[in-house]
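Worksheet: one structure, shown below.
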């Protein structure tokens with residue numbers, strides 16, 4: 001072929017700048033990584049340098065898992081056509097996914113991305129309830145589509161972000177460290193806080209009902225990811241779902257980032273809250289990198305959709321290759337007992353991070369479930385002042401140590417760990433040992449943050465955080481000065 | 001693995017009915033096909049029966065083309081991660097696609113489906129123009145997402161379909177056989193008709209401008225597919241684009257179904273109208289079945305998007321596997337000279353279909369470009385009465401002859417041919433010879449349409465035509481009676 005598949009990094013950057021929209025941003029913008037190889041929890045750059053991947057929740061069963069690659073290769077060479085033809089891989093996948101769900105969640109729709117899944121979920125809710133008002137959580141992110149940005153305060157809150165439609169209602173995120181109701185600052189039990197947050201949704205439900213006769217849907221990630229690795233207090237979703245259902249609304253659990261066993265104890269994160277949603281959406285880990293996603297709902301809601309008489313056709317949705325790959329991912333999750341592993345390694349990671357809290361003044365909060373862990377950094381523990389600049393610095397320093405982590409949350413001060421599920425206790429130890437060392441550098445007064453090169457500080461970006469960096473520049477300067 | 005990848009067809013159907021939303025409809029519903037294998041322009045069912053595929057415009061370079069399969073297999077085993085990391089396949093694909101575009105179309109965004117591409121196109125237009133009003137064509141279909149149904153009269157026109165938003169304006173489709181202005185019934189030249197249709201868009205532009213200060217965008221397939229294989233008259237798009245630009249609007253060419261050389265003479269169907277759009281969207285054929293799609297626009301529009309400061313992140317968009325596969329599709333198009341082939345075989349197919357018009361009273365119109373061909377059936381040539389029942393019957397009869405065709409258009413009476421580009425003149429001959437024979441059966445008064453089994457007649461469905469069948473049942477009965 002005429003094109004060389006290996007060019008100097010500078011040429012890759014030149015072509016990217018010329019021909020790819022600048023709105024598509026690079027991780028470590030001033031010195032981006034060129035990744036050419038992935039194996040399990042490791043990624044390799046063009047020089048052969050190996051990085052421990054602590055953030056890729058898409059490469060769920062490990063980068064390039066041979067069983068998944070083989071399934072894709074095999075099916076690609078047999079047939080890949082649309083779901084207007086019968087195919088076993090499609091129905092097998094549907095049955096297997098349904099088996100992981102509580103009753104009555106038993107009807108699947110296959111799509112290509114978490115965004116498409118959430119768009120379809122809202123469409124199903126609209127058709128079923130014939131209502132329009134949607135309740136979403138503050139800082140929530142549900143996808144890149146127009147319809148999803150409408151319900152994503154993560155985007156709506158940004159300067160230059162689009163206007164929130166009047167039919168979207170934002171409830172406070174149940175963040176008991178930094179949210180509206182906190183623990184232990186408010187000295188209240190987790191259950192009480194959960195109820196207080198749920199009551200906020202109840203209040204919105206009442207307002208919508210009295211105005212428009214009922215709610216369409218409540219949509220939330222079972223554990224909020226972009227919002228800063230939030231673990232809702234016990235009882236929260238149970239009480240929220242009651243309020244929403246009282247208002248005739250549909251409860252949508254967005255499991256795109258946190259599903260497929262990441263929490264360790266359960267296949268789906270909503271199960272940790274002991275609830276049964278009306279619609280569940282899933283994506284990212286489902287195809288280990290292959291574009292496949294799904295919506296699972298009740299026969300009743302699926303029937304409302306079919307009863308419109310309008311066909312739902314998604315060209316690639318449920319094609320045999322996507323389904324074969326998703327089936328292979330399920331195989332690996334089962335055969336390598338990745339839930340058990342996520343629980344075991346996750347607990348180890350969490351307890352080791354907990355110890356950092358007692359050692360480093362910057363560590364304000366440590367939270368997580370399984371291999372979904374957040375470490376929130378603060379410059380002042382009493383006032384919980386976000387340590388945004390420090391978090392940026394740490395992400396960069398960790399990269400120098402060949403460990404990839406990211407940061408997120410409304411103040412971009414929460415270190416995020418959501419590694420491939422094949423992450424080991426040794427990997428967790430390496431991650432925490434290195435983080436410990438980097439935090440020590442910051443503890444050490446001889447290296448104050450203000451002396452850290454700022455041109456490095458302002459460059460790295462996480463998932464979906466670009467413009468927050470613009471807002472935070474001033475905060476950052478303040479927190480740097482505050483030291 | 002626990003799951004058998006081969007089960008009786010009855011079991012596949014049982015699981016599908018149980019676990020897949022009924023809104024996802026099967027082709028030939030009463031007796032669907034189970035397709036297990038595809039090679040080039042052929043598909044095979046579970047019994048080994050071979051079908052000539054005359055409708056799969058997704059399997060563009062042929063089902064399971066070995067070069068494409070190999071590219072996918074190879075890249076899947078190396079790395080597939082998101083576009084926040086540099087990768088050569090991404091920038092090579094961007095550069096190659098840009099080289100096929102006229103200036104100043106030079107900036108790419110990669111997504112997973114044509115729907116995602118069109119959604120992003122409208123978002124870009126909104127951000128760039130700061131306007132809201134969209135002009136679309138009647139019968140147009142632009143995707144399955146909420147935002148796309150809003151601009152798809154193909155769905156909006158259906159009973160039970162959602163309400164058309166007030167900011168969507170529908171212009172008549174430039175269908176010179178059945179549309180508002182026709183030839184030769186109106187005895188006007190194609191150019192005059194093109195201008196009349198364009199003037200309709202101009203009128204809408206004027207109305208929007210006087211009310212809201214300017215148009216956001218005009219979106220149209222360069223050749224309308226679901227609307228019934230429509231070939232706009234010469235000069236149409238040129239004049240439309242002038243009107244839209246006078247009203248400060250953006251011109252979006254949807255090449256999702258008709259791009260990548262299908263028209264034979266050009267890589268993109270908009271080139272046949274000698275225009276340069278501001279945004280081009282592409283999908284289906286791009287990955288030969290793999291979920292990959294793209295938006296290409298001008299540096300100016302891309303800059304407006306980047307200037308919002310809001311990152312555009314699409315988890316799978318532009319991943320190395322999707323890009324490697326799309327690059328391989330481009331390789332095959334070039335190396336196997338598929339444009340030349342589409343022109344040659346398409347001309348042969350079209351001229352052979354033309355001859356059918358002189359032989360069979362049912363054939364009202366034959367139109368096409370390259371391997372994008374429509375044969376419109378009528379029960380009365382003078383009144384151009386749609387032969388909907390007959391079209392249904394023919395699709396079923398062709399299936400019995402192991403040839404897969406579909407039908408579409410607002411009256412579901414247009415036979416659609418849009419085969420993989422490796423289609424040969426022999427295939428075209430077999431298609432037309434068989435169609436000739438089936439048409440002869442209908443010409444023969446001894447087999448009137450009313451004696452054709454109706455339970456077969458009402459079952460087959462095309463791309464996105466379900467509820468039209470509901471509407472058309474009465475029409476069908478009428479046309480059957482009319483014979």
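The numbers here are math on the coordinates, done by the rules we state, and not lab data. Model, not experiment: these values are computed from the prediction. Cβ placement follows ideal geometry from the backbone for every residue including glycine, while neighbour counts extend to all protein chains displayed.
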Label 7 Å beyond Cα on the Cβ vector: residue B:207 copy-to-copy distances, nm: 3.7
To one decimal in nm, how far is residue A:37 from the same spot in the other copies, if labels go 7 Å from Cα toward Cβ? Please give the shortest first. 3.7
Note on the stretch A:94-140: alpha-carbon gyration tensor, axes a ≥ b ≥ c; rule is a/c under 1.5 for rounded, else prolate if a/b larger than b/c, else oblate; result prolate
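Per-residue Cβ counts within 10 Å, from other chains only, averaged over B:374-380: what number is that?
What the average comes to for B:374-380 is 0.
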Within 10 Å of each Cβ in B:302-310, how many Cβ atoms from other chains are there, averaged over the peptide? 6
Calculated label separations, residue B:14, copies of the chain, 7 Å along the beta-carbon direction, nm: 6.3
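Classify the stretch B:159-274: rounded, prolate or oblate, from the alpha-carbon gyration tensor (a ≥ b ≥ c, eigenvalue square roots; a/c under 1.5 rounded; otherwise prolate if a/b is larger than b/c)? Mind dumping the intermediate values first?
On the way: a/c = 1.39, a/b = 1.27, b/c = 1.10.
The shape class here is rounded.
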Quick one: Cα centre-to-centre distance for the stretch B:220-248 and the stretch A:272-324, in angstrom? 35
Based on the Cβ-Cβ distance of residue B:443 and residue B:9, what FRET efficiency does E = 1/(1 + (r/R0)^6) give at R0 = 35 Å, to the nearest 0.05? 0.50
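What list do you get for B:98, A:363 if you sort them by fewest beta carbons within 10 Å? Present the calculation step by step, with values, prior to reporting the outcome.
On the way: B:98 17, A:363 23.
Going from sparsest to densest Cβ surroundings: B:98, A:363.
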With an 8 Å Cα cut-off and a minimum separation of 6 or more residues, compute the relative contact order for the stretch B:66-335 in percent. 30
For the stretch A:302-377, what is the relative contact order in percent, using Cα pairs closer than 8 Å and at least 6 residues apart in sequence? 21
Label point 7 Å beyond Cα of residue B:190 along Cβ direction - residues of the stretch B:265-293 with amide nitrogen under 15 Å: B:265-266, B:270-275
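Is the C-alpha gyration tensor of chain A telling us rounded, prolate or oblate? Criteria: a/c under 1.5 is rounded; beyond that, a/b larger than b/c is prolate, otherwise oblate. List each step's numbers first, then the result.
Details: a/c = 1.61, a/b = 1.15, b/c = 1.40.
Since a/c reaches 1.5 but b/c is at least a/b, the shape of chain A is classed as oblate.
Give me B:145, B:356 sorted ascending by neighbouring Cβ count inside 10 Å, so fewest comes first. Could you put the intermediate results ahead of the total?
Values: B:145 26, B:356 16.
Placing the least packed residue first, the sequence is B:356, B:145.
How would B:315, B:100 line up from fewest to most surrounding beta-carbon atoms within 10 angstrom?
B:100, B:315
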Inter-chain shielding metric for A:140-147, i.e. average beta-carbon neighbours from other chains within 10 angstrom, reads 5
